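The values are calculated or read from the model by the stated rules, or taken from the named source; none is laboratory data. What you are looking at is a predicted structure, and each value in this text was computed from that prediction instead of being measured. All Cβ positions, even for glycine, are placed from backbone atoms using ideal geometry, and neighbour counts span all protein chains on display. Side chains included, ligands, DNA and RNA excluded: accessible areas come from the protein's heavy atoms. Shrake-Rupley method; radii C 1.70, N 1.55, O 1.52, S 1.80 Å.
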Amino acid sequence: MTHQESIQSFIRDQFPKMAGWCDPQKGIELANLVVRERPQRIAEVGVFEGKSTLAMAHACRLNGSGIVYAIDSWKKEDCIDDEVTANQEWWSKLDLDAHYEAFVGHTVRAQVVRHIQYCRMSSWDASRFLPDMDLVHIDANHAEWPSTSDVVNWLPKLKVGGYIVMDDVNWESTQTALKFVLKRCTLINRFDLAESCFAIYRKDK
């Protein structure tokens, strides 16, 4: 089985078992990026039940090396920070502890535990505690202030030549964050999918 066939089979098997908003095609593109560029340290900022986390961890397994730092506090105050009222109400009703437990269970059943570092903490804390990264995927709170804060916190941690993936780049609330990304990065590709519109950038300076 080729790496591409393995990635497609893995996502086809795992994604239907998991809650979240990562399209299968996005999972494939992220896994392909990891297989191609072979990053050793990957920051996944915003996990929920871990669809994209597992996709990249599986790619690390195919490479034989690499760690995905799964960063999410799974706390309601972080989910609703700066969010509009409708989103606040929706997030406030979720049992986030249950979603964290589901995420851990998914990683065990998918046999990717050795390629994941569980970081149940805020994005801000993780950015000060963890080492520099080769790849950063920002998919946490999409409101203007939290998304911009994530870029400001994590872009300095990304090595020059590394990649940053931004989710929902078509949202009005993420445009300020993207302005900061473009100060140091070049757009490599953009994907408009059913569940999300995301873009891949390479850090130039």
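When Lys and Arg each count +1 and Asp and Glu each count -1, what net charge do the other residues less than 9 Å away from T174, Cβ to Cβ, add up to?
Details: positive: none; negative: E144, D167, D168, E172.
Its environment carries a net charge of -4.
Looking at the chain, the DSSP beta bridges with both ends there are about 40 percent antiparallel.
All other residues whose Cβ lies under 11 angstrom from that of R109 are scored, Lys and Arg at +1 and Asp and Glu at -1, for a net of 0. GNM on the chain, alpha-carbon springs under 10 angstrom: the most fluctuating residue among P146, P24, P131 is P131.
Springs between Cα atoms under 10 Å define the GNM used for the chain, and in it the highest mean-square fluctuation of A55, A140, A110 occurs at A110.
Return the FRET efficiency for the residue pair Q40, K75: r is the Cβ-Cβ distance, R0 is 30 Å, and the value is rounded to the nearest 0.05.
Values: r = 29 Å, r/R0 = 0.96.
In this case the efficiency is close to 0.55.
Ranking E172, E29, E37, E195 by solvent-accessible area of protein heavy atoms (1.4 Å probe, all protein chains present), from largest to smallest, gives E172, E195, E37, E29. Working note: Debye formula, equal point scatterers on the alpha-carbon atoms of segment 27-122, no solvent; log10 I(q)/I(0) at q = 0.10, 0.11, 0.13 Å⁻¹ is -0.29, -0.34, -0.46.
Would you mind telling me the share, in percent, of accessible area of segment 45-159 contributed by carbon and sulfur at probe 1.4 angstrom? Can you show the working numbers first?
Details: 2580 of 4980 Å².
For segment 45-159, the apolar C and S fraction of the accessible surface comes to 52 percent.
Mind checking the per residue accessible area of the chain for me, 1.4 Å probe, whole number of Å²?
Working: 9630 Å² over 205 residues.
Using a 1.4 Å probe on heavy atoms only, each residue of the chain averages 47 Å².
Taking a quarter of the surface of the Cα convex hull of segment 92-205 gives a mean projected area of 8.2 nm².
Would you please give the FRET efficiency between E172 and S9, computed as 1/(1 + (r/R0)^6) with r the Cβ-Cβ distance and R0 = 45 Å, to the nearest 0.05? All intermediate terms of the calculation are to be shown ahead of the outcome.
Details: r = 37 Å, r/R0 = 0.82.
The formula returns an efficiency of 0.75 here.
Determine, from the Cβ-Cβ distance of D204 and A98 and an R0 of 45 Å, the FRET efficiency 1/(1 + (r/R0)^6), rounded to the nearest 0.05.
In this case the efficiency is close to 0.65.
Across all C-alpha atoms in the chain, the radius of gyration and Dmax reach 15.6, 48 Å. Only alpha carbons enter this Debye calculation for segment 9-61, each as an equal point scatterer, and the log10 of I(q)/I(0) it gives at q = 0.29 Å⁻¹ is -1.24.
Extending 7 Å from the Cα toward the beta-carbon at both R128 and W90 defines two label points whose distance is 3.2 nm. Pairs of Cα atoms nearer than 8 Å and 6+ residues apart set the relative contact order; for segment 1-110 it is 26 percent.
Please give the peptides 74-80, 40-46 ranked by average Cβ packing (other Cβ atoms within 10 Å per residue), highest first, as a rough proxy for protection.
Working: 74-80: 17.1, 40-46: 24.4.
Final packing ranking: 40-46, 74-80.
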